[in-house]
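Have a look at the structure below before the remarks.
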2 protein chains.
Amino acid sequence: MKSEILKGIYKQLVLKLEELSRLGGVMGIMHWDQEVIMPKGAAENRSKQMAALAGVLHEKSIDLEFGRLINKLVDTGIENFTEIEQCNIYEAKREYELETKIPKELVQEIAELSSRGHQIWAKARKENKFEDFAPTLERLIFLKKKWAKFSFPNLEPYDANIDIFERGMRMSNLTPIFDQLKKELIPLIAAIKKSSINLETSFLEGDFSIDKQKALGKTISKDIGFDYNNGRMDSSVHPFCGGGHSTDVRITTRYRTENFIESLFGVIHETGHGLYEQGRMPGFLDLPVSESLTMGIHESQSLFWERMIAQNLYFCDYYLNLFVETFPEKLKGVSLNAFYSAINLSRPSFIRVEADEVTYPMHIILRYEIEKGLFDETISVRNLPEVWNDKMEEYLGIRPSSDSEGVLQDVHWSGGAFGYFPSYTLGAMYACQFYSKMLLDINDIPKMIATGNFSCIKKWLNENIHEKGRIFSTDDLVLKVTGEKLNPCFFIDYLKNKYGEIYNL
Amino acid sequence: MKSEILKGIYKQLVLKLEELSRLGGVMGIMHWDQEVIMPKGAAENRSKQMAALAGVLHEKSIDLEFGRLINKLVDTGIENFTEIEQCNIYEAKREYELETKIPKELVQEIAELSSRGHQIWAKARKENKFEDFAPTLERLIFLKKKWAKFSFPNLEPYDANIDIFERGMRMSNLTPIFDQLKKELIPLIAAIKKSSINLETSFLEGDFSIDKQKALGKTISKDIGFDYNNGRMDSSVHPFCGGGHSTDVRITTRYRTENFIESLFGVIHETGHGLYEQGRMPGFLDLPVSESLTMGIHESQSLFWERMIAQNLYFCDYYLNLFVETFPEKLKGVSLNAFYSAINLSRPSFIRVEADEVTYPMHIILRYEIEKGLFDETISVRNLPEVWNDKMEEYLGIRPSSDSEGVLQDVHWSGGAFGYFPSYTLGAMYACQFYSKMLLDINDIPKMIATGNFSCIKKWLNENIHEKGRIFSTDDLVLKVTGEKLNPCFFIDYLKNKYGEIYNL
């Protein structure tokens, strides 16, 4: 039986974790406000306010009493706690150690250089001068290697960096999976390029009222199951899913009058993230056990709705009427097949965020291989532009004419975020594997989609993924849900079948 | 010469004060978000988030090191600091003592009862049952008397409560001033009532598009000088001026389609508050010295723009064209005099927040006399409805038929805020005294208003009041700005002249 003393200690830990969660939620609202609402003139002060709050969060998370509680629970009688309680304890331990293991000076140097690095990178990208950014990048890699030795001394430095975003994922798992993707997708991309099919997409370009786009996005996100009683949708320069709590989930999108499908898919993507947050484990909303598992699993939820559902023929079938009603000038008379093909156009391009689902993994694998090489020193920063362009040519058959549309395009490295990119493609693969299993678990998924009935789909995701929080490792979750570990074949087969049909391969 | 050590200690204090100010700003944004933006379902968690942040603010403001720094500065060489530095030190001392002098249990009981009290009051008001609220009110008065003994042991308990909102103001000052107002205004109100003039106001009632009202409010608040680069305007159930910083001032209003003048004057009122916040002492925005002086001075700024400016004939002269253009259906053909008279209609009414500038002081004096009596025990809670109604009859010649439109109408007491009401009428008197001085200081104020040129007026307020922060006591500020202390004659003469003309008395 669990002793009263242990129970009491656990209760104290829970109070501290809840406090951290609430202050973290406050930070979430401040961030959202900064991106969506804040008047321009407040920018300077806002960063000071957020720094003050970050300071409080840091003070509280390295509090010695916090560490003592955790160690007492781990060392004496962890087996007396439930699975959920154990998860909270171990999550607290991991966070506490990550916060306390790294020397303060290193933390500060990384924070300062990441902040300055962003400005240096933005200028270098604007002026197309990689050499201006290179020294910062070199220093950041050096610091993140050093950081890795403190945080995860038993891991390879790049694995340690990956672990922050994809807990448990290692290069030894990723490399063979990415090699398999390369082997299958490079020929597919080449075949699509050579296909005689020339997709008509002109009806997707035009002058689409932003008010109508907003209404459309709101309707569809509601249909899918986003709960506006516990969330909002707004506009921001960079779309994101944020907010302050599972009961206060805020998604954003951006609108362009020239193209409505981009912002609509953006809304659906962020809605997928939002449903994950709104679907957290009931009863434990303010504790680590209910937090999202990894970046890859989060991305699997957004890509599930964006790609598996919204880029699906049945979805187009259901919504085409609404699209035509909303924008008759451009869409009247467009057939279902023409519409479906147009929104699934695949074509190699330089910029990752504009890539389609077939070419996107190549952008990721290129970055993964480069990061890996930078960390094991088989690639040097000085050679990066050439390495980048060579790989673009090898994987996608196109060569950037400037570093701004090549190695300088992404913000991640300037903030010291190495090891983040794989999550995007992991998410795509998980989404596909989940969808395949869902088709087996639930009859008539296509019919449900074609009639705008998404409640069973949402429920399946809620029960199998969202509500599971951090109870299982990613590997175990995928195994429990789909009966096997991550298997890239689902994704490969899906792409081959779908694009084979569209491009008549 | 100031020693380096003292300078160093002051610098440490400044860092702590700035941190408190920034975290206070975060609380401001959280509060604004709650009232304006937050999805409904987030309410429960939001109060927990705000409680967590309030806890952090409290911890930091009772920090022993904080107290040690303050005492060192006060005890050794305060004379070495500038006026501004001394103000920061004394403000810190006052806040620190207020936070640390009161026993924790008392603070908690007041906080809990204030929170519960709000619900009990809301229900009692809805059901018109004063007896359901009476025990809570009794307990709150008891607690706030106890609180007064700890916080200001040398003051009468009611004076201590007033001091929180109107530092330095005492019953011994207020009672004679309020008696003078009664002596002059009760006959004026009676005379207006008896006047044969029957003001036509039907053109102010109608169906006014909320979008047009919004645009109108935005135009006029901009004309007056509200800086939208450092602020916002939104809608909320209860209009207020909040935000997170002098560079992030957020005013709100509410709109009714039936009446546009209410929301417009609401915007102008909150703009007045907003200009005070946007106009804080440059270079010291995050320190107590630049904070607003008292509630009364804050209210003087909102009422200055609402009453001295917007209810002025010259203002109507300038804007009537715009009003007619915006709402031609109702306003076409309305003369300047008819419009000016209509917006200045004076008539006794039961509800304070709906009262006009002539009758408003009576609502305040009634509350002041009741609070005073409750604290010196010459009035008992049980008799309140009768006392209230008798005073209403004596001062305004009307008797409420229910407690909901009488003693139960205001939220203040349910939250333990005794001593707040006088600020409203102090603000009205200050506004009038400031305006009289401004007329002497600047030539052609009427012409400036009549041509929509408000920059000199705003500048005068900026330089004489906003930028002075807390350097002077209220008495000294008023003396410095106007050449004399608060003198109710300015207000009395203004009302007698203005309403004597309108009502042909």
Q.
From the P(r) of the protein assembly as shown, could you give the percentage of C-alpha pairs in the tail past 56 Å?
A. 26 percent
Q.
Using alpha carbons only, how many angstrom separate the centre of the range A:387-404 from the centre of the range A:307-361?
A. 27 Å
Q: Tell me the label-point distance for the pair A:Lys485, B:Ser380, using the 7 Å Cα-to-Cβ offset, in nm and rounded to one decimal.
A: 8.1 nm
**Q.** Calculated diffusion of the range A:4-101, Stokes-Einstein form, Kirkwood radius summed over Cα pairs, 25 °C and 0.890 mPa s, µm²/s
**A.** 164 µm²/s
(Q) How tilted is helix B:130-151 with respect to the longest principal axis of chain B? Cα atoms for both, answer in degrees (0 to 90, nearest 10). (A) 40 degrees
Q. Tilt of helix A:360-375 relative to the longest C-alpha principal axis of chain A, in degrees (0 to 90, nearest 10)?
A. 40 degrees
Q: Pull up all non-local amide H partners of B:Ser235: gap of 5 or more, or a different chain, and H-to-H distance under 5 Å with H placed in the peptide plane.
A: B:Thr253
Q: May I ask you to evaluate 6.51 cos²θ - 1.76 cosθ + 1.60, the Karplus curve with θ = phi - 60°, for each residue of the range B:46-63 and list the ³J(HN,Hα) values in order in whole Hz, giving x for glycine and proline?
A: 4, 5, 5, 4, 5, 5, 4, 5, 4, x, 4, 4, 5, 3, 5, 7, 10, 3
Q | Other-chain or far-sequence residues with amide H under 5 Å of A:Gly244's (modelled H) | A | A:Arg250
(Q) Need one value for B:244-254: mean number of C-beta atoms belonging to other chains within 10 Å of its residues' C-beta atoms. (A) 4
Q.
Can you list the copy-to-copy distances for B:Lys183, using a point 7 angstrom from Cα toward Cβ, in nanometres, shortest first?
A. 10.2
Q) Measuring label to label, 7 Å along Cα→Cβ, what does B:Arg382 give against each other copy in nm, shortest first? A) 9.4
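Over the range A:214-333, what is the percentage of antiparallel beta bridges among all DSSP beta bridges, to the nearest 5?
Numbers: 5 of 10 bridges.
Bridges in the range A:214-333 are about 50 percent antiparallel.
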Q. So if R0 is 60 Å, what FRET efficiency would A:Val237 and B:Asp493 give, r being the distance between their Cβ atoms, rounded to the nearest 0.05?
A. 0.65
Q. When a footprinting reagent is the concern and you count Cβ atoms within 10 Å, what order do A:Asp211, A:Asp476, B:Asp163 take, fewest first?
A. A:Asp211, A:Asp476, B:Asp163
Q | Reciprocal mean inverse distance between Cα atoms of the range A:247-404 - Kirkwood radius, Å | A | 18.6 Å
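For A:Arg139, A:Arg46, what ranking results if the residue with the fewest other Cβ atoms within 10 Å of its Cβ goes first?
A:Arg139, A:Arg46
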Q | Label point distance in nm, B:Ile5-B:Arg139, each placed 7 Å from Cα along Cα→Cβ | A | 5.1 nm
Q) If one computes the Cα centroid of the range B:245-277 and of the range A:225-283, what distance in Å separates the two points? A) 30 Å
Q. In square nanometres, what is the average projected area of the Cα convex hull of chain B?
A. 24.2 nm²
**Q.** Restraint check, A:Lys72/A:Lys104; B:Lys123/B:Lys496; A:Lys332/A:Lys447; A:Lys104/A:Lys129, Cα-Cα greater than 30 Å
**A.** B:Lys123/B:Lys496; A:Lys104/A:Lys129
Q. Given only helices, namely DSSP H runs of n ≥ 4 each adding -39500 (n - 2.57), what is the per-residue ellipticity at 222 nm of the protein assembly as shown, to the nearest 500 deg cm²/dmol?
A. -21000 deg cm²/dmol
Q.
How high is the relative contact order of the range A:4-101? Use alpha-carbon pairs under 8 Å, at least six apart in sequence, and give a whole percent.
A. 38 percent
Q | Computed E for A:Glu501/A:Asn128 - FRET, C-beta separation, R0 45 angstrom, nearest 0.05 | A | 0.65
Q. Just which residue of chain A brings its Cβ nearest the axis of rotation onto chain B, and by how many angstrom, rounded whole?
A. A:Val56, 3
Q: Once the label point is placed 7 Å from Cα along Cβ, list for A:Asn443 the distances to the corresponding points in the other copies, in nm, shortest first.
A: 9.3
Q) Which percent, to the nearest 5, of DSSP beta bridges fully inside chain A are antiparallel? A) 55 percent
**Q.** Residues with amide H under 5 Å from that of A:Gly469, placed H, sequence gap 5 or more
**A.** A:Met281
Q: Express in whole angstrom the spacing between the alpha-carbon centres of the range A:434-497 and the range B:53-92.
A: 59 Å
Q. Using alpha carbons only, how many degrees (0 to 90, rounded to 10) separate the axis of helix A:104-127 from the longest principal axis of chain A?
A. 20 degrees
Q.
Students often forget the sequence filter, so: which lysines lie under 22 Å Cα-Cα from A:Lys330 once same-chain residues fewer than 8 apart are removed?
A. A:Lys212, A:Lys214, A:Lys218
**Q.** Gain in span if fully extended, A:Asp476 to A:Lys222, counting 0.36 nm per residue against the direct Cα distance
**A.** 88.3 nm
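Since every read-out is calculated from the coordinates, none of them should be taken as a lab result. Everything numeric in this text was worked out from a predicted model, so none of it was measured. Every residue, glycine as well, gets a Cβ built from its backbone with ideal geometry; the counts of neighbours run over all protein chains shown.
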